[in-house]
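The values are calculated or read from the model by the stated rules, or taken from the named source; none is laboratory data. Not measured: the values here are computed from a predicted model. Cβ placement follows ideal geometry from the backbone for every residue including glycine, while neighbour counts extend to all protein chains displayed. The protein model used for the area step is the full one, side chains on, heavy atoms only, and it has no ligands, DNA or RNA in it. Shrake-Rupley method; radii C 1.70, N 1.55, O 1.52, S 1.80 Å.
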Amino acid sequence: MSKLQDKMFLDLRNKNIFNQAQQYSYEYLKSIFDREVYPTEAALKNLSAFDEELPENPTEASSVIEQLNTYGSPATTATLGGRYFGFVCGSVVPVGLAAKNLGTYWDQAPAMNVLSPIGSKLESVVEKWLINLFNLPQHTSAGFVSGTSSANLCGLAAARYRILERNQWDINKKGLRNAPEIRIVTGKQAHSTVLKAIGILGLGTENIEWVDVDDQGRILYESIPKLDANTILILQAGNVNSGAFDDFDRICKKANKVGAWVHIDGAFGLWAGAVNELKYLTKGMEHASSWAVDGHKTLNTPYDCGIVLCSDPEAMTSALHMSGSYIIESSERDGMFFTPEMSRRARIIELWAILRHLGKQGVDEMILTMHHRAKQFANEITPIKGFYVENDVVFNQIIVRCDTDELTERVLGTIQKLRTCWLGGSLWSGKRVIRVSICSWATTEYDITTSVKSFKKALEIVRIK
Ligand SMILES: *Cc1c(COP(=O)(O)O)cnc(C)c1O
C-alpha cells in the first residue's frame, strides 16, 4: 500500500474529518438564521486565503476542511435563512439537508438501474408523484437535471426532435443543415435561459416571433401569431420579475388545435399548480407538451435540482438518447435516457425526501405561506411614503421602486449594505426596480416586518445624505 493510500484509509476509519465537517455544519446552521444575510467586507477580503498555487505535496485532510470552514463559511450568502430575497432562490427543508448528507456518502449516479437501484427506484416514484401533484397526463416522463436552464433545453430538444420527425427528418442523424424550418414563438418577457436554450439548439434567437405582453409580463392572446404544427410556443409560469402566469388554458387550446408544441418555463411558478388556493394560476397547463421546473427554488430542495417533464416520452428520450455497447438496458428506469448527462449526482434523494416528508398538504401549506408573506410584504411597504409596489402580487414576487431611478438604485445599495436582508435590482417597464422574491420556508412574519423596516431605514439614510 502506498503511503498516501494508507493515509486515506486512516481518514476513512478514524472518521475525524467527517466529525469535524459535521461539527462545522451544525455551527453553520445555528448561525445562519441570525447572521447578516450577505458576507461582511472582512469575510470577502479573507477570500484571498484561497489565492494560492496548487501545493506541491499532500496536505492533512483536516487542515483542508478547516481552511474551507474558516474562510469559506463566512463568505456564503445566507440563502438558507429567511431574509434572502435576491433573484429567485430557495432555502432547504431540513430533511433535505439530512437526506443529501446521507446521499453524499452513497455517492450514487442514477444513469442506469444497475448502477444505482435506489436512485432508479426513487426517480420512478417521484416521477409519478409529480404527475399527480401537477395533474399532468399519466404517461408524462420526468428527467432530473441540474436546474430549469437544463430542463428548458431538454424540453425544447424534445420539441425540436418531434417537429422534425413529423417532417420525416431525423435531427440526430441529419442535423440542422437543410432541415425543415421550425418556428419559435414566445413572449417578450421570456427568461434568458429560454433564449440560451434556443441558441444552443441551433434554432437561432433571431428567428423568434416575439409576442407582446401586458403590464404584468403576460402574453397578449390577441398578439399571438397564427400557429402551425411546426411551431414551438414557449409560455411562462412565473415571470421572473412579477411572478405573473400566462393564460395556459386559452393559449394551449389554440396551440393544440393546430398541433403546435407548447413548452412551459415554470422554474418557480409551476408549483402554484400544487397549491389548492393558487392553482387557478396554472389552469390548463396540463395541455402543454413539456414543462421545466426547479426543485431548488419554491420547493426548497438543496442545489442543484431541476426537472423536465414531457408528455411525449418518446420525443424526450429520442432527443436525449445515448447508447453504447456496454449499456445494460433494464426493464426498470435508466435515468440517463431522460437527461443530457450519463453520470450525474442522485439529486433525486433530496427531492424524494422532501416530498415524502411534506406530503401534498405540506407542499400546499409551505408554498401558500410564501404567498402570504409576499402579500404581507406588499401590504407593509405600500403605506410607506416613497415606495411603490409595481406588480400584482399573485404569487411570491414583489416589484418595488422609489420616486426616481437614481433613488431606487441608492436605496437598493443601502439595503444591501445594511445586510438585514438581501435583494437585487431589475428593470421593469423601463424603470429601475427592487425585486423581492419570497422563496424560503423559513421566512416568518417577523422577517418580513424587519426587512420592510430596513427598506424604510435605507430610504431615510439616502434622503439625509
Ligand atoms: C430561475 C429561472 C430559470 C433558470 O433556472 P435555473 O434553475 O437557475 O437554471 C428559468 N426560468 C425562470 C422563470 C426562472 O425563474
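Structure data summary
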{"item": "Failed criterion for TYR446 (all others in (1) of a type in the set (Phe, Trp, Tyr); (2) touching a residue at least 40 places away in the same chain (Cβ under 8 Å); (3) open to solvent by 40 Å² or more (accessible area, probe 1.4 Å) hold)", "result": "(2)"}
{"item": "Test for ASN172: is it part of a loop (DSSP other than H, G, I, E, B), open to solvent by 40 Å² or more (accessible area, probe 1.4 Å) and of a type in the set (S, T, N, Q)", "result": "no"}
{"item": "Filtered residue count, region 177-212, keeping only those that are farther than 27 Å from GLY243 by Cα, open to solvent by 50 Å² or more (accessible area, probe 1.4 Å) and either outside the structural domain of ASN239 (by TED's automatic domain parsing) or touching a helix residue (DSSP H, G or I) at 6+ places or on another chain (Cβ under 9 Å) (or both)", "result": "1"}
{"item": "Residue match in region 107-115 (condition: assigned to a helix (DSSP H, G or I) and not acidic (Asp, Glu))", "result": "no"}
{"item": "So LEU133, is it surrounded by 21 or more Cβ atoms within 10 Å (Cβ to Cβ), outside any loop (DSSP other than H, G, I, E, B) and not hydroxyl-bearing (Ser, Thr, Tyr)", "result": "no"}
{"item": "Residue match in region 316-337 (condition: over 30 Å from VAL262 (Cβ atoms) and either open to solvent by less than 10 Å² (accessible area, probe 1.4 Å) or modelled with pLDDT of 95 or more (or both))", "result": "no"}
{"item": "Matching residues, region 398-411, being open to solvent by less than 20 Å² (accessible area, probe 1.4 Å), touching a residue at least 40 places away in the same chain (Cβ under 8 Å) and touching a Cys at 6+ places or on another chain (Cβ under 9 Å)", "result": "VAL411"}
{"item": "Residue under evaluation GLU53, criteria (1) assigned to a loop (DSSP other than H, G, I, E, B); (2) open to solvent by less than 100 Å² (accessible area, probe 1.4 Å), criterion not met", "result": "(2)"}
{"item": "Check on ALA159, in a loop (DSSP other than H, G, I, E, B) and either away from the ligand (no atom under 15 Å from the Cβ) or surrounded by 13 or more Cβ atoms within 10 Å (Cβ to Cβ) (or both)", "result": "no"}
{"item": "Pick from region 213-231, criterion touching a strand residue (DSSP E or B) at 6+ places or on another chain (Cβ under 8 Å) and among the hydrophobic types (A, V, I, L, M, F, W, C), ranking: surrounded by the most Cβ atoms within 10 Å (Cβ to Cβ)", "result": "ILE219"}
{"item": "LEU423 vs. criteria out of contact with any Pro (no Cβ under 7 Å at 6 or more places or on another chain) and open to solvent by less than 10 Å² (accessible area, probe 1.4 Å)", "result": "yes"}
{"item": "Qualifying positions in region 357-366 - open to solvent by 10 Å² or more (accessible area, probe 1.4 Å) and either under 12 Å from TRP441 (Cα atoms) or without any contact (Cβ under 8 Å) to a residue 24 or more places away in the chain (or both)", "result": "LEU358, GLY359, GLN361, GLY362, ASP364, GLU365, MET366"}
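Residues are listed down the side, and each one gets a yes or a no for (1) open to solvent by 10 Å² or more (accessible area, probe 1.4 Å); (2) under 17 Å from the mean Cα position of the chain (by Cα); (3) charged (D, E, K, R); (4) outside the structural domain of GLU27 (by TED's automatic domain parsing):
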{"site": "GLU66", "(1), (2), (3), (4)": "yes, no, yes, no"}
{"site": "ARG83", "(1), (2), (3), (4)": "yes, no, yes, yes"}
{"site": "CYS89", "(1), (2), (3), (4)": "yes, yes, no, yes"}
{"site": "VAL93", "(1), (2), (3), (4)": "no, yes, no, yes"}
{"site": "PRO117", "(1), (2), (3), (4)": "yes, no, no, yes"}
{"site": "SER150", "(1), (2), (3), (4)": "yes, yes, no, yes"}
